[in-house]
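Participant: Just passing along the structure, written as structure tokens.
Every number in this text was worked out from the coordinates using simple rules, so none of it is lab data. Values in this document were obtained by computation on a predicted structure and should not be read as measured data. Here Cβ is always computed from backbone atoms with ideal geometry, including for glycine, and neighbour counts include all displayed protein chains.
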Amino acid sequence: MLDSLSQISYQKSAKNIMIYLRKAKQEWQIIQKPSPDEKGPHRNGMFKEAFNHNMVYVYGTKGTPEENKWAIEKAKYDAESWYYRGNGSFEIIADSEFDSTEYANRNIILIGNSETNSAWNVLLTDCPISVTSSTVKLGTHKYEGSDLGGYFIWKKQGSNIHTISIITGTGIKGMKAATANQYFAGASGFPDYMFFKLDMLKYGPSSLIDVGFYTNDWHVK
């Protein structure tokens with residue numbers, strides 16, 4: 001008996017066997033070992049997880065001059081902060097330099113949106129979140145505006161442990177809203193995805209437009 005829900009009976013058949021349980025429809029069920037493609041100890045998400053595995057920053061160069069300038073300056077700002085806070089460094093490259101084979105065993109921090117960063121359509125083809133210069137889509141939800149910024153994480157294709165974190169915005173206003181890097185603070189907690197309006201800098205949490213976690217199989221509810 002685990003809790004107040006249904007009782008589970010299981011006959012142990014081998015030494016040190018692992019039992020996997022899932023809670024569904026208000027009852028516990030014995031299931032097969034989950035696929036490594038699902039969330040688990042090896043890769044469970046939250047935005048900050050991608051700042052591991054020798055991460056590399058990939059900034060966008062396909063936007064307006066102002067958007068491109070923001071992207072490279074954002075990468076440099078994070079690099080300086082990372083050096084100051086953690087005495088560390090990371091590689092910074094333009095989207096035009098990105099090679100998925102060369103960086104197969106590293107986490108990626110993507111800066112820009114699907115229109116300003118050409119690596120987006122290479123790395124996020126199966127992601128339920130998309131960002132353009134005017135729209136944020138999370139599953140079936142759609143938000144419009146040129147001042148929406150956000151952070152989110154996604155699993156890296158072809159790997160069971162690597163991830164991609166995205167720093168994005170629908171336009172230069174949204175991008176500037178996402179400039180701050182409080183995620184480098186040790187005690188800060190960022191969910192799998194978080195989107196907000198520019199005026200969050202003034203009004204705080206009331207300007208969040210969507211925030212949450214993927215399901216265990218990496219879907220947006």
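Participant: For every other residue with a beta carbon closer than 12 angstrom to the beta carbon of Asn160, add +1 if it is Lys or Arg and -1 if Asp or Glu, then tell me the sum.
Facilitator: Working: positive: Lys39, Arg43, Lys155, Lys156; negative: Asp37, Glu38.
It works out to a net charge of +2.
Participant: For the chain, what does -39500 (n - 2.57) per DSSP helix run (n ≥ 4), summed and divided by total residues, give at 222 nm, in deg cm²/dmol to the nearest 500?
Facilitator: After summing the helix terms and dividing by the residues of the chain, the value is -4500 deg cm²/dmol.
Participant: Less than 20 Å apart at the alpha-carbon level, and either on another chain or at least 8 residues along: which lysines does that give for Lys155?
Facilitator: Output for Lys155: Lys33, Lys39, Lys48, Lys137, Lys221.
Participant: Sticking with this one: Mean shadow of the range 78-144, computed from the convex hull of its alpha carbons, in nm²?
Facilitator: Result: 5.9 nm².
Participant: Separate question: Along the charge dipole of the range 1-123, which of Asn113, Gly86, Tyr10 sits closest to the positive end, that is, farthest toward it, with unit charges on the beta carbon of Lys, Arg, Asp and Glu (+1, +1, -1, -1)?
Facilitator: Among Asn113, Gly86, Tyr10, the one farthest towards the positive end of the dipole of the range 1-123 is Tyr10.
Participant: Which label belongs to the value computed from this structure, given these candidates for Rg/Rh (Cα atoms, Kirkwood Rh): [x] 0.93; [y] 1.04; [z] 0.96?
Facilitator: Derived directly from the coordinates: [y].
Participant: Quick one: angle between helix 65-86 and the longest Cα principal axis of the chain, in degrees between 0 and 90, rounded to 10, please.
Facilitator: The answer is roughly 60 degrees.
Participant: Taking 8 Å as the Cα distance limit and 6 or more residues as the minimum spacing, I'd like the relative contact order of the chain as a percentage.
Facilitator: 19
Participant: Here's something else I'd like to know. So in the range 47-212, what percent of DSSP beta bridges are antiparallel if you round to the nearest 5?
Facilitator: Among the beta bridges of the range 47-212, antiparallel pairing accounts for roughly 65 percent.
Participant: Something else about it: Given Cβ point charges of +1 (Lys, Arg) and -1 (Asp, Glu) and nothing else, what value in debye, to the nearest 20, does the dipole of the range 47-212 about its Cα centre take?
Facilitator: Values: 15 positive and 18 negative charges, 68 e Å.
My answer is approximately 320 debye.
Participant: Provide the per-residue ³J(HN,Hα) series for the range 160-173, in order, calculated from phi with Karplus coefficients 6.51, -1.76, 1.60 and θ = phi - 60°, each as a whole number of Hz, with x at glycine and proline positions.
Facilitator: With the stated coefficients, the range 160-173 comes to 9, 10, 8, 9, 10, 10, 10, 10, 9, x, 6, x, 4, 5 Hz.
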